[in-house]
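Colleague: I have a structure I would like to understand better, so I am pasting it below and will then ask my questions one at a time.
The values are calculated or read from the model by the stated rules, or taken from the named source; none is laboratory data. Bear in mind the structure is a predicted one, so any value in this text is a computation, not a measurement. Backbone-built Cβ (ideal geometry, glycine too); neighbour counts: all protein chains shown.
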Number of protein chains: 4
Amino acid sequence: MIIMIRSGSDPAQVCALKEWLLKGKVTLNSVNIWGTELLKLEGDLEQIDFSLVKKFDCVAMITKTGDPYKFASRHNYPEDTVINAGGVMIGGGRFTAIAGPCSVEAEDQICNIAHSVKKSGASILRGGAFKPRTSPYAFQGLKSRGIELLIEAKKETGMPIVSEIVDISALPFFDNVDIIQVGARNMQNFELLKELGQIRKPILLKRGPANTIEEFLMSAEYILSGGNRDVILCERGVRTFETMTRNTLDIAAIPLLKKLTHLPVFADPSHASGISDIVPDLALACVAAGADGIMVEVHNDPVNAFSDGAQSITPECFDELMRKVKAMCGIVGKKPE
Amino acid sequence: MIIMIRSGSDPAQVCALKEWLLKGKVTLNSVNIWGTELLKLEGDLEQIDFSLVKKFDCVAMITKTGDPYKFASRHNYPEDTVINAGGVMIGGGRFTAIAGPCSVEAEDQICNIAHSVKKSGASILRGGAFKPRTSPYAFQGLKSRGIELLIEAKKETGMPIVSEIVDISALPFFDNVDIIQVGARNMQNFELLKELGQIRKPILLKRGPANTIEEFLMSAEYILSGGNRDVILCERGVRTFETMTRNTLDIAAIPLLKKLTHLPVFADPSHASGISDIVPDLALACVAAGADGIMVEVHNDPVNAFSDGAQSITPECFDELMRKVKAMCGIVGKKPE
Amino acid sequence: MIIMIRSGSDPAQVCALKEWLLKGKVTLNSVNIWGTELLKLEGDLEQIDFSLVKKFDCVAMITKTGDPYKFASRHNYPEDTVINAGGVMIGGGRFTAIAGPCSVEAEDQICNIAHSVKKSGASILRGGAFKPRTSPYAFQGLKSRGIELLIEAKKETGMPIVSEIVDISALPFFDNVDIIQVGARNMQNFELLKELGQIRKPILLKRGPANTIEEFLMSAEYILSGGNRDVILCERGVRTFETMTRNTLDIAAIPLLKKLTHLPVFADPSHASGISDIVPDLALACVAAGADGIMVEVHNDPVNAFSDGAQSITPECFDELMRKVKAMCGIVGKKPE
Amino acid sequence: MIIMIRSGSDPAQVCALKEWLLKGKVTLNSVNIWGTELLKLEGDLEQIDFSLVKKFDCVAMITKTGDPYKFASRHNYPEDTVINAGGVMIGGGRFTAIAGPCSVEAEDQICNIAHSVKKSGASILRGGAFKPRTSPYAFQGLKSRGIELLIEAKKETGMPIVSEIVDISALPFFDNVDIIQVGARNMQNFELLKELGQIRKPILLKRGPANTIEEFLMSAEYILSGGNRDVILCERGVRTFETMTRNTLDIAAIPLLKKLTHLPVFADPSHASGISDIVPDLALACVAAGADGIMVEVHNDPVNAFSDGAQSITPECFDELMRKVKAMCGIVGKKPE
């Protein structure tokens, strides 16, 4: 890291800055050039709060080298991460479709949908059991019973399953779940992330609706730096002023993330839009933009869904979508899993 | 329009509301039901300011029927608008690629790029002559000379041309321009829109970075209601908290607009992202999402471009993109023009 | 709730709608009027997913009556909630200043700052012990040791204390903390909110950076509906495209919340801006806008603060601020506590 | 400007970068240090597109010195600009209230409101004649007739007047208008700004709803660099995801702008909120935050206002507000004009 001192600065302040920097485990070199001073800092730079460096009036500019996310950085780890999720391989040029209902409602429901989406080409089954809801009066999910039903569907169809965790205390229920999902609202629930860094199971991490791409990667870093290297990133829309859609799908995040990180990048067109009519168009757009997978809400009877029916597509609609997805994979060089 | 009165309202206020409503050219019917009162309003409802109706405490709810945009509404005009732009047909199942440099810089430059993008499959040439720039100290375009050079390129290649207008007074320079572009910053320059409603030439209207889809359609309505029915809508990204990209491409706007309006819907992945590396991925996503066309900045020497070089792709890159675009058109049922 | 059927709708669909509605614990009345049909629904309406009602094409409009937040609604509970936080009364025309460092760092530090801010007029001491940080590599707080130091400062100064909880499992450490803070990132950590609804201790709930005012009240509702009626709302800025400030303080949320709810409304100008130079101006603006209190980060040595030094003001600056705050309270009719 | 070369860069690319930089009117110095190379660039740096410099892979970082806005910068011009608007002095520690209806509707209306707000303490009268409206079907203002009526009110009351211009062609109508307002939607109508830089009359420039503070200052720079140094900046809310208010008043922009520029900084709480009930609270917040003035919509009969009635306060409400404003000016060290 290089710090440039503003020419004409108060020497006492420059001195104070140097003292302050040296409180960390760093070494500092200085050189005078072009009427100003340059400082070179080496060592444990992570501990320095750079917003504070800027508080020193004498600082003209700072340059940091390297990504703040070490383990998530493609610069540091150029090879695509490939994740084994209950036998289904994710990333590394494969394209994976996750599908299923927003909420697990009953054994019949989840099994029927599972069979149906599997036939259409989905390789992983989704289903919510613990549901985070804006209103305390809305349906909160079948909880552990929902996980049991999901496991039934897994037994029946052989599909690996993914479900959302909303609190650390529920972790024991996820023993037979193949991928643990962290929802958008928990993207910065750092205690949860730390805990998930301690286990050895793939995590599907959704981007928070008000979080930048860098913050998204920093949250992945919480899990990765804990030792769990199997993180799938999932773009699901950010919050903007537009009210016609539930969120605004940040489609550019897909190719950007593919450049910044080696982790698989998925997208969820269902939550991103909240409108079933446009979910297939958005799903195709995600494939075209280079996503390694999509996560789509499918319900046999959307109007009677316990939650998020407005954004669920029918199995028929999903089947038609998957035919186009497979064709599109050919164009963008992905291998449908 | 139906207005429901809150039960238990002050009769004097209900009376005041009715009087106020009747000042417009409307007829009012009333019925008492379920302990409350319903008002039915018919006539020239456009003149009523609905934000004011809500100021009456006695109003429980209002329902409006129909879209606020009459001519732009697909409900009112179900058939796709097909536009003839200098011989190139736009809309109605066709897919059209517009390409060219951000700024027209010199005759050689524009002609070479024109030949090149035409060969790759672009059917319309873009080039900025009047440039709106954030800084008064930045390059402001070649102005009328830029239009002349663009017309030269049109003569040489036979491609119709599109260029941006930044003020009504420049209209005479656009006589031989096939499509007049209204830039994002002028989407609500209503005086300009009114003027463009009076002419008979296709208008490519870009969405403002802070404007909703409904406002976008209302701006189209300014042109359409003036009598000019040839408006092409162009999504080019909205402003969000994400700073890695110049804007956030609202990919969902494409399929939504296709449902709400009969006008052709284009997208501009160059301005939406500001990053040439991801422009092709976004361009493909736009095709997949159902766009009727794309507008892409192509420059033979991006680093030396007079403006927006950071988001321009090379002719080679555009050529590769177009090969994928054509393949993708087959999947989504579009005919490349 | 009233639903209006679109005239000319398919009778079979209207029938399906009615059947669907009647699956809940509701009674339904219908009347034909002006060529259309109105449905009146009574009973347990909370269970109905209104986004689904809109999926029925035959629905022209729906009106809901009442706020979705029952206990938080001023309409339902007109009187200001007054909260006793360790002997300090909050709300009901009082103005309360909470001050202290972002992080508790050492006994000396927290006690000195406590004495200082108390002298200036703060009545409650803040200090972070469990710190949610974007980077896993940044200082994560002194944790339970920080709480102990905070309790030391409470003993020394007699000031009630407030500190942030980041996970349910840490609840036992907060026995002697007077107000438990839920940070912005946890505003929709519903499991945490439910747990806090079960205890009897004031909760200071911060607004999430991407959450609407209605969602903010729904999160308060999670706590209130659990039985804990002592919730203090705290506006702390929302996320926008502006990058000069850390967040954008939604100053209008203060007077709006005062109208919508009976709960005390605070504001945090430190996190809202992230810039110590403008914190006093914003703090005064919050008082002027009608806040019941402010929460300000004060540090004796901002440059050496373990976290958020860039937004911390010095005790001297806080002292000067409080003199103005007290004068301003007189103008807006608040009694400084 | 200093550019740091990434260590280990391709010498050919570094060479290309230097050549490219030297195409402008600049001189370049180079030094090798710490295993890397530093370039110092002097001369006409405004012409260099910095987003392009970043395209060179060999560039590790760039530092620019100085604000991009030369004439607007307080660093360059430390003294407060004081503006004479028809005899009323603005800025330099004074506080100025501008009040009046959204639209000029009739002679009686504008004169009565003028007398009333003058008595309460407003020193400048506002009134819209040319109205930019989202819908082509909404009231578009009395146009030149509105300006005439405003001039009548000026004659009657002696108050200077301010009104919005929406197109260059209307400039002749503003000869007797004391301050020309540029509305939020025209903040980046650069052709209009350039024209207003050529006249000698104060300009009140409103911030665009999607524009950053820096862009706001760059738009002021268009006027200032043209030779017109009398620019008043007016914050009026930015667009966010919150839907309860029309916009989100960026209150922090007020103290920030006061630091960045010497120009007077006003705020418009009426457009910022769109809700008359909270306009007084917001107006007071603006005073507390350090604004040099406020602009408030006042209408004798808001419900019957031709436009923006929902955000207009009554003369009685304005009178009460002004009593508090004057008291508050004492606390923040402003002299009410």
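Colleague: Residues being in contact (Cβ under 8 Å) with a residue 40 or more places away in the chain, over 15 Å from B:Ala99 (Cβ atoms) and among the hydrophobic types (A, V, I, L, M, F, W, C): count how many of those fall in the range B:148-172.
Modeller: Residues meeting the conditions: 2.
Colleague: I would also like to ask the following. What pairs come out if I take residues in the range B:37-60 that are outside the structural domain of B:Glu221 (by TED's automatic domain parsing) and hydroxyl-bearing (Ser, Thr, Tyr) and pair them with residues that are modelled with pLDDT of 80 or more and outside any strand (DSSP E or B) whose C-beta lies under 9 Å away, six or more apart or interchain?
Modeller: Final answer for the pair search is B:Ser51/D:Arg246; B:Ser51/D:Gly274; B:Ser51/D:Gln311.
Colleague: Could we say that D:Cys286 is touching a strand residue (DSSP E or B) at 6+ places or on another chain (Cβ under 9 Å) and either more than 11 Å from chain C (Cβ to nearest Cβ) or without any contact (Cβ under 8 Å) to a residue 12 or more places away in the chain (or both) here?
Modeller: Considered against the rule, which asks whether it is touching a strand residue (DSSP E or B) at 6+ places or on another chain (Cβ under 9 Å) and either more than 11 Å from chain C (Cβ to nearest Cβ) or without any contact (Cβ under 8 Å) to a residue 12 or more places away in the chain (or both), D:Cys286 comes out as no.
Matching residues to (1) within 9 Å of chain A (Cβ to nearest Cβ); (2) among the polar types (S, T, N, Q):
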| residue | (1), (2) |
| --- | --- |
| C:Arg207 | no, no |
| C:Asn211 | yes, yes |
| C:Thr245 | no, yes |
| C:Ile251 | no, no |
| C:Leu257 | no, no |
| C:Ala272 | no, no |
| C:Asp281 | no, no |
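Colleague: Would you call B:Arg133 surrounded by fewer than 22 Cβ atoms within 10 Å (Cβ to Cβ) and at pLDDT below 95? Explain how you work it out, then say what you get.
Modeller: Working: surrounded by fewer than 22 Cβ atoms within 10 Å (Cβ to Cβ): yes; at pLDDT below 95: yes.
Spelling it out, B:Arg133 is indeed surrounded by fewer than 22 Cβ atoms within 10 Å (Cβ to Cβ) and at pLDDT below 95.
Colleague: Looking at (1) out of contact with any Phe, Trp or Tyr (no Cβ under 9 Å at 6 or more places or on another chain); (2) in contact (Cβ under 8 Å) with a residue 40 or more places away in the chain; (3) surrounded by fewer than 24 Cβ atoms within 10 Å (Cβ to Cβ), which is the only condition D:Asp268 fails?
Modeller: The number of the failed condition is (3).
Colleague: Kindly indicate whether any position in the range C:215-224 is of a type in the set (Gly, Ala, Ser) and within 18 Å of the chain's Cα centre (by Cα).
Modeller: Yes, because at least one residue in the range C:215-224 is of a type in the set (Gly, Ala, Ser) and within 18 Å of the chain's Cα centre (by Cα).
Colleague: Among the residues of the range D:243-251, is any closer than 22 Å to D:Glu337 by Cβ, surrounded by fewer than 24 Cβ atoms within 10 Å (Cβ to Cβ), free of Cβ contacts under 8 Å to residues at least 60 places away in the same chain and touching a strand residue (DSSP E or B) at 6+ places or on another chain (Cβ under 8 Å)?
Modeller: For the range D:243-251, residues closer than 22 Å to D:Glu337 by Cβ, surrounded by fewer than 24 Cβ atoms within 10 Å (Cβ to Cβ), free of Cβ contacts under 8 Å to residues at least 60 places away in the same chain and touching a strand residue (DSSP E or B) at 6+ places or on another chain (Cβ under 8 Å): absent.
Colleague: Just to check your reading of the model, which residue among C:Glu337, C:Glu297 is modelled with pLDDT under 95, acidic (Asp, Glu) and within 23 Å of the chain's Cα centre (by Cα)?
Modeller: Exactly one of C:Glu337, C:Glu297 is modelled with pLDDT under 95, acidic (Asp, Glu) and within 23 Å of the chain's Cα centre (by Cα), namely C:Glu337.
Colleague: Would you confirm, using the coordinates I've provided, whether B:Asp268 is under 26 Å from A:Ser276 (Cα atoms) and touching a Cys at 6+ places or on another chain (Cβ under 8 Å)?
Modeller: Taking the combined requirement at face value, the residue satisfies it.
Colleague: From the list B:Ile110, B:Ile98, B:Ile83, B:Ile90, pick out the single residue that is in contact with a Leu (Cβ under 7 Å, 6 or more places away or on another chain) and more than 14 Å from chain C (Cβ to nearest Cβ).
Modeller: Selected residue: B:Ile110, the only one of B:Ile110, B:Ile98, B:Ile83, B:Ile90 that is in contact with a Leu (Cβ under 7 Å, 6 or more places away or on another chain) and more than 14 Å from chain C (Cβ to nearest Cβ).
Colleague: Report yes if some residue within the range A:113-120 is buried (at least 20 other Cβ atoms within 10 Å of the Cβ) and either within 12 Å of another protein chain (Cβ to nearest Cβ) or modelled with pLDDT under 95 (or both); otherwise report no.
Modeller: No - not one qualifying residue is present in the range A:113-120.
Colleague: Scan the range A:68-100 residue by residue and report those that are in the same structural domain as A:Ala288 (by TED's automatic domain parsing), touching a Ser or Thr at 6+ places or on another chain (Cβ under 7 Å) and part of a loop (DSSP other than H, G, I, E, B).
Modeller: Selection gives A:Gly91 alone.
Colleague: Something else: Can we say D:Glu235 is over 17 Å from D:Lys131 (Cα atoms), away from chain B (no Cβ under 14 Å) and of a type outside the set (Ser, Thr, Tyr)?
Modeller: Yes: the conditions hold for D:Glu235.
Colleague: Identify, by number, the condition in (1) β-branched (Val, Ile, Thr); (2) within 14 Å of chain B (Cβ to nearest Cβ); (3) more than 36 Å from the chain's Cα centre (by Cα) that C:Ile62 doesn't meet.
Modeller: (3)
Colleague: Taking the range B:8-52 only, how many residues are part of a helix (DSSP H, G or I) and either touching a strand residue (DSSP E or B) at 6+ places or on another chain (Cβ under 9 Å) or of a type in the set (Gly, Ala, Ser) (or both)?
Modeller: Final tally of qualifying residues: 10.
Colleague: Counting just the residues of the range C:157-175 that are surrounded by fewer than 16 Cβ atoms within 10 Å (Cβ to Cβ) and modelled with pLDDT of 95 or more, which one comes out nearest to the other protein chains (Cβ to nearest Cβ)?
Modeller: The extreme case among them is C:Pro172.
Colleague: Quick check on this structure: which one of D:Thr63, D:Thr81 is touching a residue at least 40 places away in the same chain (Cβ under 8 Å), of a type in the set (Val, Ile, Thr) and surrounded by fewer than 17 Cβ atoms within 10 Å (Cβ to Cβ)?
Modeller: After ruling out the rest, the residue left standing is D:Thr63.
Colleague: Then there's this: Given (1) surrounded by 22 or more Cβ atoms within 10 Å (Cβ to Cβ); (2) at pLDDT below 95; (3) not hydroxyl-bearing (Ser, Thr, Tyr), where does D:Val231 come up short, assuming only one miss?
Modeller: Going through (1) surrounded by 22 or more Cβ atoms within 10 Å (Cβ to Cβ); (2) at pLDDT below 95; (3) not hydroxyl-bearing (Ser, Thr, Tyr) one by one, D:Val231 breaks only (2).
Colleague: Determine which single condition C:Met244 fails, assuming it passes every other condition in (1) more than 24 Å from A:Arg185 (Cα to Cα); (2) modelled with pLDDT of 95 or more; (3) in contact with a helix residue (DSSP H, G or I) (Cβ under 8 Å, 6 or more places away or on another chain).
Modeller: Every condition holds for C:Met244 apart from (2).
Residues are listed down the side, and each one gets a yes or a no for (1) of a type in the set (Gly, Ala, Ser); (2) more than 8 Å from every other protein chain (Cβ to nearest Cβ):
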{"residue": "B:Gly290", "(1), (2)": "yes, no"}
{"residue": "B:Met295", "(1), (2)": "no, yes"}
{"residue": "B:Asn304", "(1), (2)": "no, no"}
{"residue": "B:Thr314", "(1), (2)": "no, yes"}
{"residue": "B:Ile331", "(1), (2)": "no, no"}
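Colleague: Right, something else. Can you tell me which residue within the range A:220-230, out of those that are facing another protein chain (nearest Cβ under 8 Å) and out of contact with any helix residue (DSSP H, G or I) (no Cβ under 6 Å at 6 or more places or on another chain), is nearest to A:His262 (Cα to Cα)?
Modeller: Per the stated criteria, the residue is A:Glu221.
Colleague: Considering each residue of the range C:232-262, count those that are hydrophobic (A, V, I, L, M, F, W, C), in contact with a Phe, Trp or Tyr (Cβ under 9 Å, 6 or more places away or on another chain) and more than 12 Å from C:Ile294 (Cβ to Cβ), and give that number.
Modeller: Count: 6.
Colleague: Give the residues of the range C:204-225 that are surrounded by fewer than 24 Cβ atoms within 10 Å (Cβ to Cβ) and either touching an Asp or Glu at 6+ places or on another chain (Cβ under 9 Å) or of a type in the set (Asp, Glu) (or both), sorted by residue number.
Modeller: C:Thr212, C:Ile213, C:Glu214, C:Glu215 - these are the residues of the range C:204-225 that are surrounded by fewer than 24 Cβ atoms within 10 Å (Cβ to Cβ) and either touching an Asp or Glu at 6+ places or on another chain (Cβ under 9 Å) or of a type in the set (Asp, Glu) (or both).
Colleague: Would you point out the residue of the range B:1-41, among those that are of a type in the set (D, E, K, R) and within 14 Å of chain C (Cβ to nearest Cβ), that is surrounded by the most Cβ atoms within 10 Å (Cβ to Cβ)?
Modeller: For the range B:1-41, the residue satisfying everything is B:Glu37.
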